Amino acid sequence: MVHLANMSPAKLGALCAAISVVFFSINDVAIKFLSGGYALHQVVLIRSVIGLIVILALIAPLTSGWAIARTKRLPMHMLRGLCVVFANMTFFLGLAAMPLADAVAIFFISPLVITVFSVIFLGETVGLRRWAAIAVGFIGVLIMMRPGTDAFQAASFFPLAAAFFYAGIHVLTRHIGGTETAATMAFYIQIMFIVVCIAMGLVVGDGRFGDQSDPSLAFLLRAWSWPLPADYPVFVIIGVGIGIGGYLISQAYRVTEASFVAPFEYLALPMSVAWGMIVFSEYPQMWDYIGMAFILGAGLFTVWREAQVKQPGLQRPLRR
């Protein structure tokens, strides 16, 4: 058996990325499963508390111990954490009303948005081929959303918004990724989740606005309730998964080039199609597959092209 310490950075990065994607994919399925009976902020709060326990009990002792909480860049961690919170919240609101694969596919426009943000906020140069890929990717989104038709769902704007928040996380990570460890970033993300979810619970957790016919709004505004014993394992799975998965994806981007790791994240797309069919009996239509192909192709081309022109391969943020 090959020990992790003896692995090459490329193999270790690939392993960490692949395992994290499995955790994230299971997390998406579980969140969608729970969206019909609990409030979003309650689910995320329970998940984050369990995730924080995993970080402190398992990851911290194996890394820098309690030093993971030490940072001189707390405001940046808080801002980055808020972007992660909103990226997650908007994506999960989409999951409540949309087929799993559709939400995941639209979210994967994020690498293209990251490229646009890199031009706007970081002053990077993007050539004609990558602009063309960005256009193709957004055409794929339009194909999947199909505005103006009976197939259009307003909820599809939620994963699109999540992609933009994710791109914002990437820009912020470029400012702190060189000085902050993966464990420290994972720690403060869970802290921000807990703070925001408690605040939301205090404001709307009594369910005063919970009488909503829209699945996304109902998920957001539903009253808190004590979880059913049958759902305890689901909460544990998503809590443990987000703690370990978040750390692993950060480590993957730390030990090897982003252009090598990023394609592994796209494994989530075929996994979401399979989960949707198996768990929720969701079968994508032909236009869905075409849109997915446009988004997948454009995203992978953008990642490959960035590697070709030797764009900085700094750490990307964890997804959830």
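The values are calculated or read from the model by the stated rules, or taken from the named source; none is laboratory data. If you're wondering where the values come from, they're calculated on a predicted model, not measured in any experiment. Neighbour counts are summed over all protein chains in view; Cβ atoms, including those assigned to glycine, are modelled from backbone coordinates with ideal geometry. With ligands, DNA and RNA removed, areas are computed over all heavy atoms of the protein, side chains included. Shrake-Rupley method; radii C 1.70, N 1.55, O 1.52, S 1.80 Å.
Simple point charges give the picture: +1 on the Cβ of Lys and Arg, -1 on the Cβ of Asp and Glu, and for region 107-265 a dipole about the Cα centre of about 300 debye.
Per residue, how much accessible area does the chain have with a 1.4 Å probe, in Å²?
Details: 13940 Å² over 320 residues.
That works out to 44 Å² for each residue.
Once the piece of chain linking Ile290 and Val195 is laid out straight, how much longer is it, given 0.36 nm per residue of separation minus the C-alpha distance between them? Walk me through the numbers before you get to the answer.
Working: separation 95, 0.36 × 95 = 34.20 nm, distance 4.00 nm.
Here the answer is 30.2 nm.
Specify which labelled value, from (1) 82, 64, 40; (2) 61, 58, 43; (3) 52, 51, 42, agrees with Cα extents along the principal axes in Å derived from the coordinates of the model shown. Label (3) holds the value from this structure.
Provide the net charge surrounding Ala101, with neighbours chosen by a C-beta distance below 12 Å and charges set as Lys +1, Arg +1, Asp -1, Glu -1.
On the way: positive: Lys32; negative: Asp28, Asp102, Glu282, Asp288.
Summing Lys/Arg as +1 and Asp/Glu as -1 gives -3.
Projected label points at Leu128 and Ser64, each 7 Å from Cα along the beta carbon direction, are separated by 4.6 nanometres.
A cut-off under 15 angstrom between Cβ atoms defines the neighbours of Phe152, and their net charge, with Lys, Arg +1 and Asp, Glu -1, is -3. In this rough spin-label picture, where each label sits 7 Å from Cα along the Cβ direction, the Ile120-Leu202 distance is 3.2 nm. With each label modelled as a point 7 angstrom along the Cα→C-beta vector, the Leu74-Ala223 pair spans 3.7 nm.
Relative intensity of region 1-113 on a log10 scale, I(q)/I(0) at q = 0.11 Å⁻¹, equals -0.51, per a Debye sum over C-alpha point scatterers of equal strength in the absence of solvent.
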